[in-house]
Each structure stands twice: as structure tokens, then as C-alpha cells.
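None of the figures in this text is laboratory data; all of them are computed from the coordinates on show. Computed from a prediction, not measured in an experiment: that's the story for all the values here. Positions of Cβ are backbone-derived with ideal geometry, glycine not excepted, and every protein chain shown enters the neighbour counts.
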Amino acid sequence: RFYTEVLSLLKLHYDYIFIDTPVAEKFHSLFRDFALPNTDYLIVPVTPSKQTVHNTYMWLNSAVIAPKVARGAGMSSQNIGIVLNRAEDNVGYGELEVMEELRNFNFLGSVPETKEWKRANNEGELIASKNISVINSIVQTSATVCTVNAQSRAERDNTMYETILQAADTFAISDTSG
């Protein structure tokens, strides 16, 4: 009840509200009974592991998009986005495999696993906003896709780390003023 009251107050002031919940066993009721019924769009991070992605597929189909009569949430697969977290090249399971296994859902992009990201995570640093030194380009690559390419530079122990961050996402423009 407390969460519902807080959410009602937040909705008066914000257009977008993110609810970050663990899906661990003891927290299922918070997700099932509060977050899921109150969400318009669900973002699900997955790691580049065949078993993890398969388990995510099974969970999404049985708990999230299954009809309420089957103890699911009845959410549309079009309102679910997938983010590949800790993505690495040449590990045998990457973006293409995730997009194929979870093809019924929207693939939003990847967060790379690099030494710079690992170090920043261990030191509690938000490098995506702190160390972006140059936005190389923002390109509308189709009628509904925009790609941002940014360069991140950071120095640690007299060593320069440089990463090119690229993200693409779909967008829609609608007239809300009537």
C-alpha cells in the first residue's frame, strides 16, 4: 500500500518513473503484486549466457505475458524490452543469439563489458555520464531508429582508457497537445 501511495504522488510530477526491483525468490511479491501491475513498459537485463537467456524466455512467457487466468501478468510482449548486459565479443553468445532467443520482445541494445566499466563499477563510478568526452554522432538511421556514438576517456594510474560507446533505440513522435 505504501508503494502504491508513493507511486501515485510521483505520477503527479513525472512522466517517466523507473522501478528497479530484484527478481530474487523472496522479492517476487513486490514485483508481481506492485511493480508489474503498475508498469507500462518492462526492461529486462540479461547476461550473455545461453542458460540465463533461456531462463529469461521461460520466465517472461510464464510469469509476465501469460494471461492472468494462467497466473501470469497478461502483459503484451510489445511492452517488454531486453538489454544485453556485460556484453563481450567472442564468448559464444552475443547480441544475435539474444535477439534470436528473445525475438518476441524488443531488443533495446547492449552494455559492453570492458575493463573501464568493471573498474568504474567496482569504484561506484557512473562513467556513462561522467567521462563522456565527445559525442561523435547522433544519427537517425531509419524513420524510427536513432543511433548515438560517444567517446569516453578516463585516466587511472597514468594509463588512458578510451571506449567508444554506441547505442541505438527506436523512438516515436506523437502530438500530445491535441
Student exercise, segment 1-77 dipole from Lys, Arg, Asp, Glu Cβ charges, in Debye to nearest 20: 260
Spin-label pair K115/Q78, simplified geometry with 7 Å Cα→Cβ offset, distance in nm: 4.6
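What order do you get for 104-113, 69-78, 28-37, 12-21 when each peptide is scored by the mean count of other beta carbon atoms within 10 Å, highest first?
Going by the mean number of other Cβ atoms within 10 Å, highest first, we get 104-113, 28-37, 69-78, 12-21.
Of K11/K68; K50/K115; K11/K50, which ones are farther than 28 Å apart at the Cα? The partial results should precede the final answer.
Working: K11/K68 25 Å; K50/K115 23 Å; K11/K50 38 Å.
Beyond 28 Å between Cα atoms: K11/K50.
For E88 and L10 in the same chain, what is the full-extension length gain: residue separation times 0.36 nm, less their Cα-Cα distance, in nm?
Numbers: separation 78, 0.36 × 78 = 28.08 nm, distance 3.69 nm.
Residue separation times 0.36 nm, minus the Cα-Cα distance, leaves 24.4 nm.
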